[in-house]
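Asker: Input: one structure, supplied below.
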Amino acid sequence: MRQPKTRSPLKDNPLHNPGQSLERQRANLVFDKLVTPLLFLLLLAWMAFMEWLGQLLHSPRQPWVYTIFALFALAYFGWMLVRYKPELSRLRLGIEGEKAVGQYLERLREQHYQVFHDVIGPGFNLDHVLIGPAGIFTVETKTLSKPMRGKPKIVFDGKTILVDGFAPDRDPIVQARAQAHWLKQLLTESTGHAFDVWPVVVFPGWYVEQRQEATREVWVLEPKALPAFIAHENAALAPEDVTLISFHLARFIRAEYI
């Protein structure tokens, strides 16, 4: 009997999870740069083993040929592992940080906030987006390793950030503002209304000091401080605006789903 055609019962693609794009990058890096040479190494090692087995059994074998190839493959795999280990560690740290922050932000749903994770833009992603009574917030997560000793901290004066006394290689303030601007444009085109979008940068596990000269234009916080900052904001969005914005953003995410 011919089986009838079937289709998925899901009408829409799922929304993204925290750190989803970083997980995809890390998986691709592992497969492309490490798994393939490892499989090649195992194949040559097996061939070398078979040659040595034939040699011990007095079969006409030439194990040195395969052994040389296997040693070259071993050296290549070791070089690739050393080369990409820092990048893999960086991606793993980023994934863990985004998941931790994302799980913490999920609690804001109890305060009537919509929470989105891993919103993919053109060549970048927004780690988290909050939409609720106090407005729209993009949350950029920066998960940085801390020194083993001392009392390291983040210092923000409204323009620049110092991480344990040093400026980071890439300015997260510039990045956060650009992402908030992109989201504002996206929502304006989608909804037909111009809503303000406020950038937030969070550093999980760090003590963050905001100097008095820091302004409202961008927040730099430890994630646990974000609910208190939001609670002190005046209401900016009506419930129907929250619903409208969330609907359009969810539609964009599902349309761009990969």
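The values are calculated or read from the model by the stated rules, or taken from the named source; none is laboratory data. Just so we're clear, the structure is a prediction, and the values are computed from it rather than from any experiment. With ideal geometry, Cβ positions are generated from the backbone for all residues, glycine too; neighbour counts draw on all protein chains shown. Note: accessible area is taken over every heavy atom of the protein model, side chains too, but ligands, DNA and RNA are not part of it. Shrake-Rupley method; radii C 1.70, N 1.55, O 1.52, S 1.80 Å.
Asker: When you look at F77, is it touching a strand residue (DSSP E or B) at 6+ places or on another chain (Cβ under 8 Å) and among the aromatic types (F, W, Y), yes or no?
Answerer: Details: touching a strand residue (DSSP E or B) at 6+ places or on another chain (Cβ under 8 Å): no; among the aromatic types (F, W, Y): yes.
Considered against the rule, which asks whether it is touching a strand residue (DSSP E or B) at 6+ places or on another chain (Cβ under 8 Å) and among the aromatic types (F, W, Y), F77 comes out as no.
Asker: Moving on to the next point. What is the residue count in the stretch 229-247 for residues that are modelled with pLDDT of 90 or more, within 12 Å of Y113 (Cα to Cα) and either surrounded by 15 or more Cβ atoms within 10 Å (Cβ to Cβ) or of a type in the set (K, R) (or both)?
Answerer: Counting residues in the stretch 229-247 that are modelled with pLDDT of 90 or more, within 12 Å of Y113 (Cα to Cα) and either surrounded by 15 or more Cβ atoms within 10 Å (Cβ to Cβ) or of a type in the set (K, R) (or both) gives 5.
Asker: What is the number of the single condition among (1) within 22 Å of the chain's Cα centre (by Cα); (2) in a helix (DSSP H, G or I); (3) not aliphatic (A, V, I, L, M) that P199 does not meet?
Answerer: P199 satisfies every listed condition except (2).
Asker: Here's something else I'd like to know. Consider only pairs whose beta carbons are under 9 Å apart and that are at least six residues apart or on different chains; among these, list those whose first residue lies in the stretch 148-171 and is over 13 Å from V201 (Cβ atoms) and whose second residue is in a loop (DSSP other than H, G, I, E, B) and at pLDDT 90 or above.
Answerer: none
Asker: Within the stretch 48-89, can you find the residues that are open to solvent by less than 70 Å² (accessible area, probe 1.4 Å) and in contact with a helix residue (DSSP H, G or I) (Cβ under 6 Å, 6 or more places away or on another chain)?
Answerer: Across the stretch 48-89, the qualifying residues are A48, E51, P63, Y66, T67, A70, A73, F77, M80, Y84.
Asker: Here is a list of conditions, (1) at pLDDT 90 or above; (2) surrounded by 21 or more Cβ atoms within 10 Å (Cβ to Cβ), and P133 meets all of them except one; can you say which number that is?
Answerer: The single condition P133 does not satisfy is (2).
Asker: Considering K184, K151, K159, which residue is surrounded by fewer than 18 Cβ atoms within 10 Å (Cβ to Cβ) and closer than 18 Å to V129 by Cβ? Walk me through how you get there before you give the answer.
Answerer: Details: K151 fails: closer than 18 Å to V129 by Cβ; K159 fails: closer than 18 Å to V129 by Cβ.
After applying the criteria, what remains is K184.
Listed here are the residues, each with its yes/no results for (1) of a type in the set (K, R); (2) at pLDDT 90 or above; (3) more than 24 Å from I245 (Cβ to Cβ).
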{"site": "G78", "(1), (2), (3)": "no, no, yes"}
{"site": "H117", "(1), (2), (3)": "no, yes, no"}
{"site": "H128", "(1), (2), (3)": "no, yes, no"}
{"site": "K142", "(1), (2), (3)": "yes, yes, yes"}
{"site": "A167", "(1), (2), (3)": "no, no, yes"}
